[in-house]
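Accompanying notes for the structure given below.
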Amino acid sequence: MALNSMNLSFAQNQLLFGWNENEGIVALELENDRQIRLYRKANGALISEVQPFHPVLWLQEADLLEDFKGEVEIVPLSGALTYRALAVFNSWKEINVAKKYLAKSSRRLPSDKSSPCLFLSDPVHQHLLASGQTSFRGMTFADLNRLQLDIETYSLAGFEFSNPQREQDRIIAIALSDCSGWETVLWGKDMTEPEMLEQLNEIIQTRDPDVIEGHNIYKFDLSYLKARADLHGIPLKWGRNGGGPRVYDSRLQVAERTIDYPKWEVPGRHVVKA
């Protein structure tokens, strides 16, 4: 039956939104090699649970891993499309070993268009697809707890811009608000910089946002806060598991334009650049 002839509401379309009816998922993280940590909201409470993780590779031919020595289950796929089998693994480590094996045997990297396999490098993406779950299912935008963050900094006389690596420079204000109407400003005239950072830790844990957002937050606010926290030896305990923010190089493709940017993540929360 053609997709446009299905008598389904948009949100009930399982091809787009998955078949699992688990609602209120606000975040997922790779807990360890074999498990995914899931955070969801139900009846006004935040629930944290661990789910088994079975990453997969899509294969053009079922026998591509015939001589692979690792543990894998090959599941034939119906239809006549490009990928004819699904290779299911018990750990993220094992699938990466298999990925290297296929790259060597086929002499093509998984990222090559001519590769005989398809590998999705994001474990959360993989888990959502395999489990049929969807982030934010059953939620409206108003259901999200969003925290806005902005900092102001001081620059030593004689310099045009503040530098977090320069000891004399510092954070002079941290402005915070959330979608409930709550707001506050941590002032450098009232607190030392270490005190401001410790207070910020406490506020994030207390307000417990699903999303931390701010203007140019990726390239300035977060990197400055992290650098100053490192300078003072203060862990930024922002994650729902008590972990800190982490950053890695990422890339966004918009039509023919490629945008490189630092991608920030906080365990159990989303970080959004406004």
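Cα axis of helix 193-207 to longest principal axis of the chain: angle in degrees, 0 to 90, nearest 10?
With rounding to tens, the tilt is 50 degrees.
Counting only DSSP beta bridges with both residues in segment 144-273, tell me the antiparallel percent, nearest 5.
In segment 144-273, approximately 75 percent of DSSP beta bridges are antiparallel ones.
For the chain, what is the calculated [θ] at 222 nm in deg cm²/dmol (nearest 500), taking -39500 (n - 2.57) for each run of four or more DSSP H residues and dividing by its residue count?
My calculation for the chain gives -6000 deg cm²/dmol from helical runs alone.
Please work out whether segment 144-273 counts as rounded, prolate or oblate from its C-alpha gyration tensor, where a ≥ b ≥ c are the square roots of the eigenvalues and a/c under 1.5 means rounded, while otherwise a/b larger than b/c means prolate and anything else oblate?
Oblate.
Using 0.36 nm per residue, how much length does the chain from ARG166 to GLU183 gain when fully extended, once their Cα-Cα distance is taken away?
3.2 nm
Once you have a ≥ b ≥ c as the square roots of the Cα gyration tensor eigenvalues for segment 12-90, tell me rounded if a/c is under 1.5, and otherwise prolate or oblate according to whether a/b is larger than b/c.
Oblate is the answer for segment 12-90, as a/c is 1.5 or above yet b/c matches or exceeds a/b.
Pick out, from PRO267, ILE172, ILE151, the residue whose Cα sits farthest towards the positive end of the charge dipole of segment 144-273, with +1 on the Cβ of Lys and Arg and -1 on the Cβ of Asp and Glu.
The residue sitting most towards the positive pole is PRO267.
Considering the values (1) 0.99; (2) 1.04; (3) 0.95, which represents Rg/Rh (Cα atoms, Kirkwood Rh) as calculated for the structure under consideration?
Matching the structure shown: (2).
Using the Cα centre of segment 217-258 as origin and beta-carbon charges of +1 (Lys, Arg) and -1 (Asp, Glu), tell me which of ALA227, PRO245, THR258 is placed farthest towards the positive end of the dipole.
The Cα lying farthest towards the positive end belongs to PRO245.
Give the order of LEU120, LEU102 when sorted by the count of other beta carbons within 10 angstrom, beginning with the fewest.
By the 10 Å Cβ count, ascending, the order reads LEU120, LEU102.
Can you sort CYS117, CYS179 from fewest to most other Cβ atoms within 10 Å of each residue's own Cβ?
Ordered from fewest to most neighbouring Cβ atoms within 10 Å, CYS117, CYS179 come out as CYS179, CYS117.
In what order do ASP210, ASP230 fall by count of nearby beta-carbon atoms within 10 Å, going from fewest to most?
With the sparsest Cβ surroundings first, the list reads ASP230, ASP210.
Throughout, read-outs are computed from the coordinates displayed, never taken from laboratory work. A quick note: this is a predicted structure, and the numbers were derived from the prediction, not measured. All Cβ positions, even for glycine, are placed from backbone atoms using ideal geometry, and neighbour counts span all protein chains on display.
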